[in-house]
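Okay, structure first, notes after.
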Amino acid sequence: MKKLTVLDDYQGVVSRLAARRILDGSGIELVVLSEGISDEQELIAALADTDYLVLIRERTRITAAVIAALPRLKLAVQTGRLSGAIDLEACARHGVAVRDGTGNPIAPAELTWALILAASRRIVPYARQLEQGYWQRSAPALADERLGRALSGRTLGVWGFGKIGKRVAVVGQALGMKVVVHGREQSRAAAAADGLSYVADRLAFLGQIDVLTLHLRLCADTRHLIGDAELAAMRPDALLVNTSRAELLAPGALLQALGNGCPGMAALDVFDDEPEGAKAYLGHPNILCTPHLGFVEQDTYEAYFGEAFAHVHNFLSDAT
């Protein structure tokens, strides 16, 4: 019997998805691991008898050393679009086929707005204080109290105007916000097509917005793109939201900037070296953190694993 392993199913839900039925009758044994494995030798041991491997996005890196140590592995599938999580050259050398799926802008765009609204209205601090018996309080001490704020009439800055950025902008407009766009030439053209203002000067863009939301692909040009100068250009009451990639910000720059007072708040769904990298931001009074939930919801999982299991099923059919 062939063995299919799914890594890093933190919620333990994959085996209960409707997409699981795609494998019915295939004779494939499905093994789902819910705990992340950071040690490379432990990962190799866990995958020693695996024929097909499915990754949930970039939660685990499959390096050349791992691929070389898995002679039974014939297919690696990444849910969503391919990234740097799989060593493609090593796969080619060892005869391991690689497949990926399609992206989905809906869930990350919705989470972006969940974070913007929750941070702006201080929902989490209010809820925590209510559990402690305090009515309409967001901090234990009155000296630390701050009111939330409405979004209508304020300015939303969308950095990166692709599929997700466009969805975020539409909601901002529906809430009565002014939307301005920054990014590459593709973002300028897309903003013009949608009748939105495009600000080419980066610091001028950052200086005029109340909420900044990042929707950039990670590449050599965007890695650590946002540093001290960019963050210092933001307003002291501005909110920075990142549901895209943690590596867009220079290491340590955001914590330093918040300490300096610009921007005033942040809402983060992505972190360097997840999950350990999130610890540096937890408990900060001006940061709202979520555990990389951008794609973690029912419909996206069904779509991701529907594609992934179809790849495995088709690969097995082609081989017989």
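Roughly how big is the range 141-210's charge dipole about its Cα centre, with Cβ charges of +1 (Lys, Arg) and -1 (Asp, Glu), in debye to the nearest 20?
With only Lys, Arg, Asp and Glu charged at Cβ, the dipole is about 220 debye.
If the reach is capped at under 24 angstrom between alpha carbons, list the lysines near K166, excluding any in the same chain fewer than eight residues apart.
Leaving aside lysines fewer than 8 places away in the same chain, those within reach of K166 are K178.
So how do S244, S15, S317 line up by other beta-carbon neighbours within 10 Å, fewest first?
S317, S15, S244
With each run of n ≥ 4 DSSP H residues scored as -39500 (n - 2.57), what mean residue ellipticity at 222 nm is computed for the chain after dividing by its residue count and rounding to the nearest 500 deg cm²/dmol?
Working: 11 runs with 104 residues, N = 320.
Theoretical 222 nm ellipticity from helices: -9500 deg cm²/dmol.
Cut-off is 10 Å between beta-carbons; in what order do W159, W113, W135 appear when sorted fewest neighbours first?
The fewest-first ordering by Cβ neighbours comes to W135, W113, W159.
Return the sequence-ordered ³J(HN,Hα) values of the range 95-106 in whole Hz as given by the Karplus equation 6.51 cos²θ - 1.76 cosθ + 1.60 applied to θ = phi - 60°, using x for Gly and Pro.
The phi angles translate into x, 9, 6, 10, 9, 9, x, 9, x, 9, x, 5 Hz.
Which whole-Hz ³J(HN,Hα) couplings does the range 230-241 yield from phi under the Karplus relation 6.51 cos²θ - 1.76 cosθ + 1.60, θ = phi - 60°, glycine and proline marked x?
Values, residue by residue: 5, 5, 5, 6, 7, 6, x, 9, 7, 10, 9, 10 Hz.
So who's got an amide H within less than 5 Å of the one on L75, skipping anything under 5 residues away but keeping other chains? H placed 1.01 Å off N, in plane.
L53, A97
Mind sorting I209, I56 by how few other Cβ atoms lie within 10 Å of their own Cβ, fewest first?
Arranged by neighbour count, lowest to highest, I209, I56 become I56, I209.
Cα gyration tensor of the range 1-81, axes a ≥ b ≥ c as square roots of the eigenvalues: rounded (a/c below 1.5), prolate (a/b > b/c) or oblate? Each step should come with its number before you reach the end.
Details: a/c = 1.80, a/b = 1.30, b/c = 1.39.
Note, shape of the range 1-81 comes out oblate.
Counting only other residues whose beta carbon sits under 12 Å from that of R184, what net charge do I get with K and R as +1, D and E as -1?
+1
If you average the alpha carbon positions of the range 97-153 and of the range 216-258, how far apart do those two centres end up, in angstrom?
The range 97-153 and the range 216-258 have Cα centres spaced 19 Å from each other.
Per residue of the range 128-137, in order, report the coupling 6.51 cos²θ - 1.76 cosθ + 1.60 (Karplus, θ = phi - 60°) as ³J(HN,Hα) in whole Hz, putting x for Gly and Pro.
With the stated coefficients, the range 128-137 comes to 5, 5, 5, 4, 8, x, 9, 8, 6, 10 Hz.
Work out, step by step, the length gained on full extension between Y134 and C219: first 0.36 nm times the residue separation, then minus their alpha carbon distance; give nm to one decimal.
26.0 nm
Along Cα→Cβ, 7 Å out, is where each label goes; now give me the distance between the ones at S34 and A18 in nm to one decimal.
Here the modelled spin labels are 2.3 nm apart.
Rule-based calculations on the coordinates, nothing more; no lab input. Note that the coordinates shown come from a computational prediction; the quantities given were computed from them, not determined experimentally. FYI the Cβ positions are ideal-geometry reconstructions off the backbone, even for glycines, and counts take in every protein chain you see.
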